[in-house]
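Novice: Before anything else, here's the structure in question.
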Amino acid sequence: AFIGSTRAADLLKTQHPAPHRLRACLGLGAKNPAIILPDADLDLAVSECVLGSLSFNGQRCTALKILFVHRKIAEEFVARLATAVGNLRIGMPWQEGVTITPLPEPGKPEELSALVEQAVASGAAVVNPGGGEVQATLFRPAVLHPVSPAARIYHEEQFGPVVPVVPF
């Protein structure tokens, strides 16, 4: 089992001596979803989604990259999520209690900003105050809702502090 791009999966599979007999489980595109059903404990769901999507600034392969939330509870969930994200402490990694830190990759804030701008152009909104603001290499987490399949972030791995919420 591997997590990565479809390109990496194709390369790995071609290396197998019998690729048509190979049984593989591959994370193709790395859009690790969370699915929030109408009977969910919203406090727990919000807490776990914040942790799952934003720990390590969302820059880990196993981070939640997209949240599918049932329409019946979507508005309340998103409001609670926006509040929880707004309460995260931003600062330097060595400061106590800090959750969100500057990004280590050059150009990453610009890449994330482009994803957010394109999602907004596709009908989503940044629902948390200050979401998506950039200061040097610090990118303030952005919660996007409602995200549609027209948005690049619906399909592409953001690998950063952007949380797309899709009602279903």
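The values are calculated or read from the model by the stated rules, or taken from the named source; none is laboratory data. Owing to the predicted nature of the structure, the values given are computational and were not obtained by experimental measurement. Neighbour counts are summed over all protein chains in view; Cβ atoms, including those assigned to glycine, are modelled from backbone coordinates with ideal geometry. Heads up: the accessible areas ignore ligands, DNA and RNA and are worked out on the full protein's heavy atoms, side chains in. Shrake-Rupley method; radii C 1.70, N 1.55, O 1.52, S 1.80 Å.
Novice: For region 64-139, which semi-axes, largest first and in whole Å, follow from the square roots of 5 times the eigenvalues of its Cα gyration tensor?
Specialist: Details: eigenvalues 112, 63, 19 Å².
Ellipsoid half-lengths, sorted descending, are 24, 18, 10 Å.
Novice: Work out the charge dipole of the chain with +1 on the Cβ of Lys and Arg and -1 on the Cβ of Asp and Glu about the Cα centre, then indicate which of GLN15, VAL50, PRO109 is farthest towards its positive end.
Specialist: GLN15
Novice: Between GLU110 and ASP39, 0.36 nm times their residue separation minus their Cα-Cα distance comes to what? If you can, show how the numbers build up before the last one.
Specialist: Working: separation 71, 0.36 × 71 = 25.56 nm, distance 3.76 nm.
Value of the extension gain: 21.8 nm.
Novice: Top mean-square fluctuation among ALA142, ALA18, ALA121, Gaussian network model of the chain, C-alpha springs under 10 Å?
Specialist: Judging by the Gaussian network model, the answer is ALA18.
Novice: Counting each pair of different Cα atoms once, what's the Kirkwood radius of region 23-106 in Å, rounded to one decimal? Intermediate results must be reported in sequence, preceding the final value.
Specialist: Values: mean 1/r = 0.0702 Å⁻¹.
Across region 23-106, the inverse of the average 1/r is 14.2 Å.
Novice: What residue among PRO38, PRO106, PRO17 has the largest mean-square fluctuation in a Gaussian network model of the chain, using Cα springs under 10 Å?
Specialist: PRO17
Novice: Sticking with this structure for a sec: Give the cross-link partners of LYS108 among the lysines, using a straight C-alpha distance below 29 Å as the criterion and excluding same-chain residues fewer than 8 apart.
Specialist: Reachable lysines: LYS31, LYS65.
Novice: So for region 74-168: antiparallel DSSP bridges make up what percent, rounded to the nearest 5?
Specialist: On the way: 4 of 8 bridges.
Restricted to region 74-168, the bridges split so that about 50 percent are antiparallel.
Novice: Here's another thing I want to ask about it. Treating only the Cβ of Lys, Arg, Asp and Glu as charged (+1, +1, -1, -1), what charge dipole size does the chain show about its Cα centre? Round to the nearest 20 debye.
Specialist: Details: 14 positive and 15 negative charges, 122 e Å.
Approximately 580 debye in magnitude.
Novice: Length gain on complete extension for the stretch ALA18 to HIS70, per 0.36 nm per residue less the alpha carbon to alpha carbon distance? Please report the intermediate quantities before stating the final value.
Specialist: Working: separation 52, 0.36 × 52 = 18.72 nm, distance 4.21 nm.
Taking ALA18 through HIS70 to full extension adds about 14.5 nm, to one decimal.
Novice: Leaving out ligands and nucleic acids, and using a 1.4 Å probe, what accessible area per residue does region 32-168 come to in Å²?
Specialist: Working: 6690 Å² over 137 residues.
On a per-residue basis, region 32-168 sits at 49 Å².
Novice: As I understand it, the value is the acute angle between the Cα axis of helix 108-121 and the longest principal axis of the Cα atoms of the chain; what does it come to in degrees, rounded to 10?
Specialist: 80
Novice: Running a GNM on the chain with Cα contacts under 10 Å, which residue among ARG80, ARG21, ARG140 ends up with the highest mean-square fluctuation?
Specialist: Maximum fluctuation in the GNM of the chain, among the listed residues, is at ARG21.
Novice: Ignoring ligands, DNA and RNA, how do GLU75, GLU105 rank by accessible area with a 1.4 Å probe, largest first?
Specialist: On the way: GLU75 130, GLU105 75 Å².
Descending order: GLU75, GLU105.
Novice: Computed over the Cα atoms of the chain, what is the ratio Rg over Rh, Rh following Kirkwood? Display every interim value, and only then the final one.
Specialist: Values: Rg = 16.9 Å, Rh = 16.7 Å.
For the chain, the value is 1.01.
Novice: Ignoring ligands and nucleic acids, what accessible area does THR62 show with a 1.4 Å probe (Å², nearest 10)?
Specialist: Near enough 90 Å² of accessible area.
Novice: I want to verify the translational diffusion coefficient of region 117-166 in µm²/s; compute it with Stokes-Einstein, Rh as the Kirkwood radius over Cα pairs, at 10 °C and 1.306 mPa s.
Specialist: Working: Rh = 10.8 Å.
Translational D for this selection: 146 µm²/s.
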